[in-house]
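Input: a single structure, listed below in structure tokens.
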Amino acid sequence: MAVIRCDFSAETLELDTSMTVVLPQEGTGPPPVLYLLHGLSDDDSAWTRFTSIERYATDRGLAVVMPQVHRSFYANEAVGMRFWDFLSEELPATVHRFFKVSDRREDTYVAGLSMGGYGAFKWALREPHRFAAAASLSGALDLAYIQEFDLRPHILGLMPRVFADRPVRGGDDDLMHLVKTADRERLPRLFLRCGTEDVLLKQNERFVAAAQAAGVPLDAGFGPGEHVWQYWDDQIQNVLDWMLPKPA
């Protein structure tokens with residue numbers, strides 16, 4: 001496998017940004033691709049620094065694209081930059097322009113942890129035609145609750161910058177609303193895991209309940225684990241086994 005740190009100019013952001021990309025060096029055709037999204041305190045290098053994602057991807061001939069989106073919640077910021085437009089429009093076009101990876105829906109996946117789990121589900125629910133499957137690990141899945149009730153200082157400062165006076169609840173940034181209004185026949189497969197000691201456990205339980213109420217199939221599981229990299233390194237292997245099993 002090759003690991004590439006790619007610095008490039010993003011027109012939607014009007015600045016230079018980065019993505020870390022894992023690419024197979026062998027194979028007969030364009031490999032399947034996983035967009036792997038980082039959490040609130042991370043950057044595009046976090047997955048390669050704190051997990052063995054390169055090794056796990058090698059076993060499957062999988063390309064992995066890890067973009068940089070700062071503390072944006074994968075949204076177009078009210079006071080800032082258009083990170084949703086970057087993620088959903090410019091990033092895939094740039095990836096296919098720079099790298100030879102599959103452009104087929106059945107070969108395209110998205111996953112993430114914490115804020116990235118939220119981003120993965122938002123992308124899959126808003127653009128279901130793009131993905132075969134999506135996974136969230138320890139996701140910050142109830143953003144309306146975070147906006148309205150989370151009093152932690154870093155959240156109190158972040159929400160006005162990203163959303164200003166725009167309420168999350170009931171809109172395109174609200175996963176509970178998106179899963180309720182989703183066309184079940186068009187959705188990719190969905191996978192959720194969260195540790196029972198995780199600070200975001202209740203949010204994940206609420207998403208599972210919302211999916212059940214909407215009749216949306218969801219492979220959900222809870223077990224021992226905190227909001228830490230050891231848990232995510234273990235669980236990303238389960239994600240890949242579920243998304244793209246190793247060749248026999």
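Derivation of every value follows stated rules applied to the coordinates shown; laboratory data play no part. Quantities reported herein were computed from a predicted structural model and do not represent experimental measurements. As a convention, Cβ positions derive from the backbone with ideal geometry for all residues, glycine included, and neighbour counts pool all protein chains shown.
Under the condition of being surrounded by 13 or more Cβ atoms within 10 Å (Cβ to Cβ), not aliphatic (A, V, I, L, M) and not in a helix (DSSP H, G or I), the residues counted in the range 198-218 number 1. Assess whether Ile236 counts as being in contact with a helix residue (DSSP H, G or I) (Cβ under 7 Å, 6 or more places away or on another chain), more than 16 Å from Phe73 (Cα to Cα) and of a type in the set (Val, Ile, Thr). Here the answer is yes, as Ile236 does meet what is asked.
Among the residues of the range 125-176, those that are touching a helix residue (DSSP H, G or I) at 6+ places or on another chain (Cβ under 6 Å) and either assigned to a strand (DSSP E or B) or basic (Lys, Arg) (or both) comprise Ala133, Ala134, Ala135, Ser136, Leu137, Arg169. The set of residues in the range 182-196 that are exposed (fewer than 13 other Cβ atoms within 10 Å of the Cβ) and touching a residue at least 24 places away in the same chain (Cβ under 8 Å) comprises Asp183, Arg184, Arg186, Thr196. Kindly list, by first and then second residue, each pair from a residue in the range 128-143 that is aromatic (Phe, Trp, Tyr) to a residue that is part of a helix (DSSP H, G or I), limited to pairs with Cβ atoms under 7 Å and residues at least 6 apart or on different chains. Qualifying pairs under 7 Å: Phe131/Arg105; Phe131/Ala124. Residues that are surrounded by fewer than 21 Cβ atoms within 10 Å (Cβ to Cβ) and within 14 Å of the chain's Cα centre (by Cα) within the range 20-40 comprise just one, Leu40. Name the single residue that is farthest from Pro167 (Cα to Cα) among those in the range 90-124 being among the charged types (D, E, K, R) and assigned to a loop (DSSP other than H, G, I, E, B). Ranking the candidates gives Lys100 first. Annotation: of all residues in the range 1-37 being in contact with a Phe, Trp or Tyr (Cβ under 6 Å, 6 or more places away or on another chain) and either hydroxyl-bearing (Ser, Thr, Tyr) or outside any loop (DSSP other than H, G, I, E, B) (or both), the one that is farthest from Asp59 (Cα to Cα) is Thr12.
Across the range 41-68, the qualifying residues are those that are over 18 Å from the mean Cα position of the chain (by Cα) and surrounded by fewer than 17 Cβ atoms within 10 Å (Cβ to Cβ), and the one among them that is nearest to Pro92 (Cα to Cα) is Thr58.
If I filter the range 103-114 for residues that are free of Cβ contacts under 8 Å to residues at least 40 places away in the same chain and under 26 Å from Asp7 (Cβ atoms), do I get at least one hit? Within the range 103-114, not a single residue is free of Cβ contacts under 8 Å to residues at least 40 places away in the same chain and under 26 Å from Asp7 (Cβ atoms). For the range 44-59, the criterion of being farther than 29 Å from Arg186 by Cα, charged (D, E, K, R) and in contact with a His (Cβ under 8 Å, 6 or more places away or on another chain) is met by at least one residue.
One residue is enough: does the range 235-244 have a residue meeting the conditions in contact with an Asp or Glu (Cβ under 9 Å, 6 or more places away or on another chain), of a type in the set (S, T, N, Q), touching a residue at least 12 places away in the same chain (Cβ under 8 Å) and surrounded by 12 or more Cβ atoms within 10 Å (Cβ to Cβ)? The answer is no, given that none of the residues of the range 235-244 is in contact with an Asp or Glu (Cβ under 9 Å, 6 or more places away or on another chain), of a type in the set (S, T, N, Q), touching a residue at least 12 places away in the same chain (Cβ under 8 Å) and surrounded by 12 or more Cβ atoms within 10 Å (Cβ to Cβ). When restricted to residues that are closer than 14 Å to Leu190 by Cβ, crowded, with 24+ Cβ neighbours inside 10 Å, in contact with a Ser or Thr (Cβ under 9 Å, 6 or more places away or on another chain) and of a type in the set (A, V, I, L, M), the range 126-152 contains 1.
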